[in-house]
Amino acid sequence: MIMAGSGSVQTFRHNFCLRLAEAFYNIEWLYKKQRRNFRIEEFRIYEKCYLDLSDSGIEIPTILKEIYSQLKQQLINE
């Protein structure tokens, strides 16, 4: 079910950021455990979304900042 309205509007940005963090955690898992299923292009799509959100001034939850930085560092170091 997808919700919109006065209740949803209070949390949808934060919830989206948590889903983006979940995507980064799963991309990291693929990178570490199933490299054949890892796609750098997919990471770049999520990264662009993250960077655009960050540039727009939307408050980014710490958990999202941390997993993005952690994954980005791993990809740079390989």
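Laboratory data are not the source of any read-out in this text; all were calculated from the coordinates shown. Bear in mind that the values here come from a model prediction, so they are computed numbers and not experimental data.
The table that follows gives values for the structure above.
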{"read-out": "Spatially proximal lysines relative to residue 65 (Cα-Cα < 19 Å; intrachain offsets below 8 disregarded)", "value": "48"}
{"read-out": "Those aspartates and glutamates that a straight Cα-Cα span of less than 12 Å connects to residue 72, excepting residues fewer than 8 apart in one chain", "value": "28, 47"}
{"read-out": "In Hz, Karplus ³J(HN,Hα) per residue of the range 17-24 (6.51, -1.76, 1.60; θ = phi - 60°; x = Gly, Pro)", "value": "4, 5, 5, 5, 4, 4, 4, 5"}
{"read-out": "Under the Karplus curve 6.51 cos²θ - 1.76 cosθ + 1.60, θ = phi - 60°, whole-Hz ³J(HN,Hα) for the range 49-59, x wherever Gly or Pro sits", "value": "4, 4, 5, 5, 4, 4, 5, 7, x, 5, 5"}
{"read-out": "Built amide H within the under 5 Å cut-off of residue 38, gap 5+", "value": "none"}
{"read-out": "Computed over the chain: relative contact order in percent, which uses C-alpha pairs under 8 Å that are six or more apart", "value": "41"}
{"read-out": "Which labelled figure in (1) 26, 14, 10; (2) 18, 16, 11; (3) 58, 27, 7 is semi-axes √(5λ) of the Cα gyration tensor in Å, once derived from the coordinates", "value": "(1)"}
